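**Student:** One structure is given below, represented as structure tokens, and several questions about it will come after.
The values are calculated or read from the model by the stated rules, or taken from the named source; none is laboratory data. Fair warning: this is a prediction, and the values are worked out from it, not measured in the lab. Here the Cβ is made from the backbone with ideal geometry for all residues, glycine too, and neighbour counts use every protein chain on show. What goes into the accessible areas is simple: the full protein's heavy atoms, side chains included, and nothing from ligands, DNA or RNA. Shrake-Rupley method; radii C 1.70, N 1.55, O 1.52, S 1.80 Å.
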Amino acid sequence: MSEALIVLKGIGKRYKRGKQSVPIFEHLDMTIPRQDFAAIMGPSGSGKTTLLNLLGGIDRPSEGTINFDGKRMDNLSENQLAAFRAANIGFIFQFYNLMPMLSAAQNVELPLLLTKLGPRARRERVKTALAVVGLSDRARHKPSELSGGQQQRVAIARAIVSDPKLLLCDEPTGDLDRETAGEILGMLQTLNRDLGKTIVMVTHDPEAARFAKRTLHLDKGRFSEKDLNA
Amino acid sequence: MARTLAQINAVTSMNLRSIPSRLWTSISTVVAVGIATGVLLSFLAMSNGFRSTVKGTGSPDVAIFLRKGGGGELNSIITREQVQLIEEAKGIAKGPDGKALLSAEMYSVVDGIKKSSGTKANLPLRGVGPNAVNVRRGIKISAGRMFQSGTAELVVGRAVSKQFKGFELGRTIRLASQNWKVVGEFEAGGSVFESEIWSDIAMLQGLYRRGSSVQTVRARMEDPNRLKELLAFSDADPRLKLDVKAETEFYANQSRGISDLILYLGWPLAIAMSFGALAGALNTMYASVDARMREIATMRAIGFGGLPAFVGTMTESLLLSAIGGVVGTLFAYLLFDGISASTLGSNFTQVVFSFKFTPELVVQGVFLSLIIGFAGGVFPAWRAARVPLLAAFREQ
């Protein structure tokens, strides 16, 4: 296995509900190597999405450390975390989270507004990203004019356009039919295999998890690894 | 900096482009702000119109003599002997006949019927002599002729014949138990005099059994600086002891109370309505932020800062309010600019004036709308900047 991109050590996460502090998990250790494609499964409430949020710098652990590419990220400020996300993370959401009033190309361009690229360079990158997901001919379409699968492909183009090191997918096929889901997962597989993207995907669908290189089961605050392809 | 501007531009553009999806709440905000602005501007234009009508009355080189402490013309009384003493004062210009150019006048109040409402209102009936027109500037008979001395004839100001019944040229009208014939109409440059009825002073003195006393004396000075001399002259002679004021100052003082009253009514009303508009703006902007919660959280997750979300929401609020302000201003202008109204002046008589819009008033109206926009946007914008990023992952 290649060197680690993310290392979680002794991670604990608790949420406050009223006066009670509810633990999601405690003393969790985890390593995501570069070019990994890991599926995270587990029952509802096991903390899959919470883990994804911690990996993406959207949430902070209650305890423990998170190292990303050799640097600690759990102690960054809000602004530093925003810059970290812009530079390193591509998000793919279950409900695509596209901006309804923007065209596909404008949606894909959004992360590039956080870079130093000029308009022409941005246009080129957007064109390439849309070509990768096979939507070059839908660049001017609004999300409402696209099917669910096409919208998720736009979301993938948005996630990869700034060439982040890590793609985080939260139930990326949860809102799609089986056939379209297969297309999207195949696309993620290609991004991992051919472009070397590290992918962490939360899913409750064993069929979706089969597209990953490995599957981690999160339950009662512990991981167990299973090879669904075996 | 350029990247921050690009982010702000992107978020603001998205906010504004999403307004059609919240069309009705946005329109209600525009309307509420428009009404508040329109009401304020109407009152300001009314106050402004009244003030400029009264303030524009009188000349700086005309001195007005009144009973000491009398305040207005209605309460004043000056005897014939005092008038003769004033004729001797230095600093008063001479007429073509070589005599002091002054006009002794009576001032009384009669009933008029408003054409607009059919209700009674007080109108000033001024008794004057031939010098009234020579002492004042800008009095012009615009129709008919001047009344003849010793007859029950009237000339009426243009505003009176426009707004009150029965003062048309050639008509006979009964005022103060006397039938009068309207023989002329006069203009006075839009000043208060246009709200007056003039008759022969001798007729009025007889009618009111005032003998030879008058109420005020107007005197044309050689130049405005001679006022101090006239004041000193009046103070020095125990038989006089009259108030002496420049006519411009006299009317400015008269206008202040009423125009302030209009202002003091207008501002609180506009402020009360502004609170209503503010509630509307807050509601609209909170709805806007709530509707875009997932979008904002997604943008933040991608790496956008809180500032663009704040600026985008503020811009939307300010834009809606500014549109409301402009619409309200436009409506108020189209409805009210130049229209005539009348109100009670300080002598308990009607003063006819026109609503007057000025660029300064429009600036005040738009400023009010922007204040509403700012106050209505700042809290929702703060919420937008603090949207929890986890909202991006929640189910729809």
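**Student:** Which percent of the accessible area of the protein assembly as shown is formed by carbon and sulfur heavy atoms (probe 1.4 angstrom)?
**Tutor:** Ligands and nucleic acids excluded, carbon and sulfur reach 56 percent.
**Student:** List for the stretch A:100-130: residues with 10 Å² or greater reduction in accessible area, all protein chains versus chain alone, probe 1.4 Å?
**Tutor:** Those are A:PRO100, A:MET101, A:LEU102, A:GLN106, A:LEU110, A:PRO111, A:LEU113, A:LEU114, A:THR115, A:LYS116, which lose 10 Å² or more relative to the chain on its own.
**Student:** At 222 nm, what value in deg cm²/dmol follows for the protein assembly as shown if DSSP H runs of at least 4 each add -39500 (n - 2.57) and the sum is divided by all its residues, to the nearest 500?
**Tutor:** -14000 deg cm²/dmol
**Student:** Which whole number gives the average count of other chain Cβ atoms within 10 Å of the Cβ atoms across peptide B:299-312?
**Tutor:** Per-residue shielding by partner chains comes out at 5.
**Student:** Expressed as cubic angstrom per residue, what is the convex hull volume of the alpha carbon set of chain B?
**Tutor:** Measuring per residue, one finds 175 Å³ for the Cα hull of chain B.
**Student:** Figure the gain on full extension for B:ALA176 and B:ARG386 (residue separation times 0.36 nm, minus the Cα-Cα span) and round it to one decimal in nm.
**Tutor:** The span from B:ALA176 to B:ARG386 would gain 68.2 nm if fully extended.
**Student:** Can you say what percent of the DSSP beta bridges in the protein assembly as shown, counting only those with both residues inside, are antiparallel? Round to 5.
**Tutor:** 70
**Student:** May I ask for the accessible area buried between chains A and B, both sides summed, probe 1.4 Å, to the nearest 100 Å²?
**Tutor:** Approximately 2300 Å², summed over both chains.
**Student:** Measure nothing but the geometry: give the 0 to 90° angle between the long axis through the Cα atoms of A:178-195 and the longest principal axis through the Cα atoms of chain A, rounded to 10°.
**Tutor:** Taking the Cα atoms of chain A, the angle to A:178-195 is about 90 degrees.
**Student:** Taking chain B as a Gaussian network, where each spring joins two C-alpha atoms under 10 Å apart, which residue of B:ARG218, B:ARG256, B:ARG294 fluctuates the most?
**Tutor:** Result for chain B, Cα springs under 10 Å: B:ARG294 fluctuates most.
**Student:** Out of B:PRO380, B:PRO60, B:PRO20, any idea which swings most in a Gaussian network model of chain B, alpha carbons joined below 10 Å?
**Tutor:** Judging by the Gaussian network model, the answer is B:PRO20.
**Student:** If you don't mind, another one. Going by a ≥ b ≥ c, the root eigenvalues of the Cα gyration tensor, does the stretch B:62-222 fall in the rounded group (a/c under 1.5), the prolate group (a/b larger than b/c) or the oblate group?
**Tutor:** Verdict is prolate for the stretch B:62-222.
**Student:** Take every Cα pair under 8 Å in chain A that's 6+ residues apart, average their separations, divide by the length, and report that relative contact order as a whole percent.
**Tutor:** Normalised by residue count, the contact order of chain A is 27 percent.
**Student:** Here's a follow-up. Using the Cα gyration tensor of the stretch A:1-90, with a ≥ b ≥ c the square roots of its eigenvalues, what is the shape: rounded (a/c below 1.5), prolate (a/b larger than b/c) or oblate (neither)?
**Tutor:** oblate
**Student:** Subtract the Cα-Cα distance of B:ASP235 and B:THR358 from 0.36 nm times their separation in residues, and report this length gain in nm to one decimal.
**Tutor:** Extra length from B:ASP235 to B:THR358 when fully extended: 40.1 nm.
**Student:** What distance in nm lies between label points placed 7 Å from Cα along the C-beta direction at B:LEU307 and A:GLU63?
**Tutor:** 3.8
**Student:** In nm, to one decimal, how far is the modelled label at A:LYS127 from the one at B:ASP97, with both set 7 Å along Cα→Cβ?
**Tutor:** Modelled inter-label distance: 9.8 nm.
**Student:** I would also like to ask the following. Considering only A:GLY118, A:GLY149, A:GLY42, give the residue with the highest GNM mean-square fluctuation for chain A, with springs between Cα atoms whenever their separation is below 10 Å.
**Tutor:** Highest fluctuation of the listed residues: A:GLY118.
**Student:** Could I ask something else about it? Under 28 Å between alpha carbons, and skipping anything fewer than 8 positions from A:LYS13 in its own chain: which lysines qualify?
**Tutor:** A:LYS48, A:LYS71, A:LYS165, A:LYS197, A:LYS213, A:LYS220, A:LYS226
**Student:** Nothing charged except the Cβ atoms of Lys and Arg (+1) and of Asp and Glu (-1): what's the magnitude of the dipole of the stretch A:4-226 about its Cα centre? Round to the nearest 20 debye.
**Tutor:** With Lys and Arg at +1 and Asp and Glu at -1, about 560 debye.
**Student:** Still on this structure: From other protein chains only, count the Cβ atoms within 10 Å of every residue's Cβ in B:10-21, then give the mean.
**Tutor:** 3
**Student:** Among all helices in chain B defined by DSSP H, which have a length of 30 Å or more along the axis from Cα atoms plus a Kyte-Doolittle mean of at least -0.5?
**Tutor:** B:23-55, B:247-291, B:306-336, B:359-385
**Student:** Related question: Tell me, what is the FRET efficiency for B:THR151 and B:ILE77 to the nearest 0.05, using R0 = 25 angstrom and their Cβ-Cβ distance as r?
**Tutor:** Once rounded, the FRET efficiency stands at 0.50.
**Student:** With a cut-off of 8 Å between alpha carbons and a minimum separation of six or more residues, what is the relative contact order of the stretch B:62-222 in percent?
**Tutor:** Answer for the stretch B:62-222 is 35 percent.
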